[in-house]
Amino acid sequence: METTVDKLEAMFLKSEADLEYIEKRLKLDFINRTAENGCSAEENPALMLENLRALKAKHTALCSDVKEITAAQKESMDSIKNNLGNVMKLIQHLQQTTDVKVEPLTKSEQEAAEILASALSQTTTEKFSVPSLLHQGSQ
């Protein structure tokens, strides 16, 4: 049984080496054909594949960055919401404990409060995702 496993392992190693050789040979053929045909380096399929691999790696890194930024943004919004809620409670408490008459809000202050309230309610119900972030960025 052990010899069979060793033989299989040797076959897999040889197959991997053969595939690596074929890959290198194809790259060399692509480079030579491109040079023979007078094509530019951008038209070389081997270079295109390498560029594609680099782009995929950058894309993966950017997706990871977006996830981190999204988490930090959500954490920041939660913190702002909590702090704002605490400040509003404190103001209400101060108004109730002191006999200070508070002037009604002006029209612009009311509009700002409504905008802030709607923004806070949206951030608490909205799920942050890559597509929603991309959509927001295009607006």
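Figures for the structure shown
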read-out: Local net charge near GLU75, Cβ-Cβ under 12 Å (Lys/Arg +1, Asp/Glu -1); value: 0
read-out: Projected label distance in nm at SER64 and LYS107, using a 7 Å step from Cα toward the beta-carbon; value: 5.3
read-out: Kirkwood Rh, Cα atoms: Rg over Rh of the stretch 1-89; value: 1.42
read-out: Candidate residues PHE12, PHE30: accessible-area rank, largest first, probe 1.4 Å; value: PHE12, PHE30
read-out: Carbon + sulfur, % of accessible area of the stretch 1-102 - ligands and nucleic acids excluded, 1.4 Å; value: 62
read-out: Solvent-accessible area per residue for the stretch 8-90 (1.4 angstrom probe, square angstrom); value: 84
read-out: Simple label model, 7 Å out from Cα along Cβ direction - GLN73 to ASN32, nm; value: 5.2
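The values are calculated or read from the model by the stated rules, or taken from the named source; none is laboratory data. From a predicted model like this one, the values you see are computed outputs, not experimental measurements. Backbone-built Cβ (ideal geometry, glycine too); neighbour counts: all protein chains shown. Just the protein is used for accessible areas: all its heavy atoms, side chains included, with ligands, DNA and RNA removed. Shrake-Rupley method; radii C 1.70, N 1.55, O 1.52, S 1.80 Å.
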